[in-house]
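Each remark here refers to the structure printed beneath this line.
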Ligand SMILES: *Cc1c(COP(=O)(O)O)cnc(C)c1O
């Protein structure tokens, strides 16, 4: 059958390919340790599950407004006010089927043919793809390891052309775990405002932060900044609710209204029960979040030092999220079974075949010298996995 031009440009996710291969090995009875996960390994907190079950029994099982219920929007507004002292109205909130869906809708309603979208690298895999699907042109700002994977204000300035429309920010970041402080963000805001850019800020890891310094939400930088910013967040990472599929955008009411129209013609509302669950997540006790954070921090400390102890591996200490992004390029050029290891895909294949450990090649995130190692898995798996990685690399 003849497919559309768009279909031919769509890229399968290499993350999913590695996961599939790891699963296949597991099915064969091989004990594979998975460091590929892009989701917390904790269960959704009980109060949230109970609330969702009650909602089913009460018959909350029908269509809702396409952009989310008023009750959920109010819960989001309250939480955002409580956490960041930011004020939004209901017509400035859109709830979608996960932050990924919300970002997709955002690019669809903001990007015209050949509009340029600035994306710092290493980036979350879907930003460039979603921009391309919307007909735009992703322009990558390279965050080098020497700079702690951070981009500078200067890099943004240099990349701006008369076609530049959007700056995408994601902090704490997937895949590096790095974040920005208020002063750095102020620099970005200054350039963005001066050049009339829209800022899309994906702060889905705002609660998974190990520094003492509080997370600065981008729209907190001033009312002028807030007007040009669309804030994206959701329940997936904070409350360990990836499967429930609830994310939201907060910002300019015209943008929100356009996204609402798009949802109305495509997905309709996000699942009614999941919206109820998200209400409980935002309104209920927040101690489960603190417990997860504590556990993640212990793992982060362990895994980063274990990786840095391995000969030829070098990694930046992540300040948030649940990934480390070690540089493994010193192994490029080495041979295994007559085959040269030349890039992040080859080293990931090697680690899966020899160490029986699944990681994600960095090339997926725009950096071929690295691999992404998720520590959303048990401490005992982390310890065993690190041992295996060390032993397998020693044969190269
Ligand atoms: C997980 C993730 C998302 C998507 O989250 P969902 O709400 O589950 O769709 C968006 N952005 C980043 C950076 C992520 O890591």
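Values quoted throughout were computed directly from the atomic coordinates according to the rules given, and no laboratory measurement underlies them. From a predicted model like this one, the values you see are computed outputs, not experimental measurements. FYI the Cβ positions are ideal-geometry reconstructions off the backbone, even for glycines, and counts take in every protein chain you see.
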Working from the pairwise distances between different alpha carbons, so that the mean of 1/r is found and then inverted, what is segment 26-163's Kirkwood radius in Å?
19.2
Computed from the mean reciprocal separation of all distinct C-alpha pairs, what Kirkwood hydrodynamic radius does the chain have, in Å?
21.9
Under 18 Å from a point 7 Å along the Cα-to-Cβ line of residue 383: which residues of segment 277-296 have their amide N that close?
295-296
For residue 146 and residue 257 in the same chain, what is the full-extension length gain: residue separation times 0.36 nm, less their Cα-Cα distance, in nm?
35.8 nm
Could I have the simple spin-label model distance between residue 353 and residue 154, label points 7 Å from Cα toward Cβ, reported in nm to one decimal?
4.3
If neighbour count is taken as other Cβ atoms inside 10 Å, put 336, 370 in order from fewest to most.
336, 370
When the chain is treated as a Gaussian network with springs between alpha carbons less than 10 Å apart, the largest mean-square fluctuation among 60, 218, 325 is found at 60
For 72, 396, 185, ascending order of other Cβ atoms within 10 Å (fewest first) is 396, 185, 72
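At a Förster radius of 30 Å, what calculated FRET efficiency corresponds to the Cβ-Cβ distance of residue 113 and residue 340, to the nearest 0.05?
Numbers: r = 41 Å, r/R0 = 1.37.
For residue 113 and residue 340, the calculated efficiency is 0.15.
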Using a simple spin-label model with points 7 Å from Cα along the Cα→Cβ vector, what separation in nm is obtained for residue 182 and residue 1?
5.5
With Cα coordinates, the longest principal axis of the chain makes an angle with the long axis of helix 70-84, in degrees rounded to 10, of 60
Pulled fully out, how much extra length does the chain show between residue 394 and residue 43, if you take 0.36 nm times their separation in residues and subtract their Cα-Cα distance?
122.8 nm
Listed residues 114, 287, 381; largest mean-square fluctuation, Gaussian network over the chain with Cα springs below 10 Å, found at 287
If I fit a long axis through the Cα atoms of helix 182-194 and take the longest principal axis of the Cα atoms of the chain, what angle between them do I get, 0 to 90°, rounded to 10?
60
Set of segment 102-117 residues, backbone N closer than 13 Å to the point 7 Å along the Cα-Cβ line of residue 9
108, 111-117
Of 236, 253, 374, the one that fluctuates the most in a GNM where the chain has Cα springs shorter than 10 Å:
253
Using Cα atoms only, what is the angle between the long axis of helix 272-283 and the major principal axis of the chain, expressed in degrees (0 to 90) to the nearest 10?
90
May I ask you to work out the translational diffusion coefficient for segment 63-283 at 4 °C, viscosity 1.567 mPa s, via Stokes-Einstein with Rh from the Kirkwood sum over Cα pairs, reported in whole µm²/s?
75
Quote the FRET efficiency, to the nearest 0.05, computed for residue 90 versus residue 317 with a Förster distance R0 of 41 Å and r equal to the Cβ-Cβ distance.
0.55
Just grab the label-to-label distance for residue 332 and residue 195, each label 7 Å out from Cα along the Cβ direction, in nm (one decimal).
2.8
What FRET efficiency comes out for residue 57 versus residue 26 if R0 is 45 angstrom and r is the Cβ-Cβ distance? Round to the nearest 0.05.
0.80
Share (percent) of C-alpha pair distances in segment 205-342 greater than 21 Å works out to 62
